[in-house]
1. Within the range 67-81, identify whether any single residue is within 17 Å of VAL5 (Cα to Cα), of a type in the set (Asp, Glu) and either at pLDDT below 95 or surrounded by 14 or more Cβ atoms within 10 Å (Cβ to Cβ) (or both), and answer yes or no.
2. Six or more apart or on different chains, Cβ atoms under 6 Å: show the pairs whose first residue is in the range 87-115 and in contact (Cβ under 8 Å) with a residue 12 or more places away in the chain and whose second is small (Gly, Ala, Ser) and open to solvent by 40 Å² or more (accessible area, probe 1.4 Å).
3. Can you spot a residue in the range 28-35 that is in contact (Cβ under 8 Å) with a residue 40 or more places away in the chain, touching a Cys at 6+ places or on another chain (Cβ under 9 Å), small (Gly, Ala, Ser) and assigned to a strand (DSSP E or B)?
4. Could you tell me whether any residue of the range 2-9 is open to solvent by less than 50 Å² (accessible area, probe 1.4 Å), farther than 17 Å from VAL98 by Cα and modelled with pLDDT of 95 or more?
5. Quick check, is PRO25 in a loop (DSSP other than H, G, I, E, B) and closer than 12 Å to GLU6 by Cα?
Amino acid sequence: QVQLVESGGGLVQPGGSLRLSCTAPGTVFSNEPMGWYRQGPENQRVLVAHSTLGANTNYGDSVKGRFIISRDNVENTVWLQMNNLRADDTAVYYCRAVIDGNVYWGQGTQVTVSS
């Protein structure tokens, strides 16, 4: 059973930065599709950033130029660097991985952007 564990959320002021981490203890990453999604007050889970096979990346329109997804397959970790945060980035952020054809989600980490 694959377990994804997120960390790094918290409260930050507008314009600030946070880095989220997602790791899967006991699981070896290679080039599995992995990504970050978020669920805000509208209660829809939407794409934030995705790292696909071959380490190609794509981003949601609202975060392009501000967020960066990166990964280290040796450390089995995926990060989301979030810069220039805005109030509308406030949401629960979830890590998602597709491993051996199965979709796994983390438990979520809260990010709140407020002054």
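1. yes
2. Final answer for the pair search is VAL113/ALA87.
3. yes
4. yes
5. Yes; evaluated as a whole, the condition is true for this residue.
The values are calculated or read from the model by the stated rules, or taken from the named source; none is laboratory data. Bear in mind that the values here come from a model prediction, so they are computed numbers and not experimental data. All Cβ positions, glycine included, derive from the backbone under ideal geometry; neighbour counts span all protein chains shown. Remember, those area values only see protein heavy atoms, side chains included, never the ligands or the DNA or RNA. Shrake-Rupley method; radii C 1.70, N 1.55, O 1.52, S 1.80 Å.
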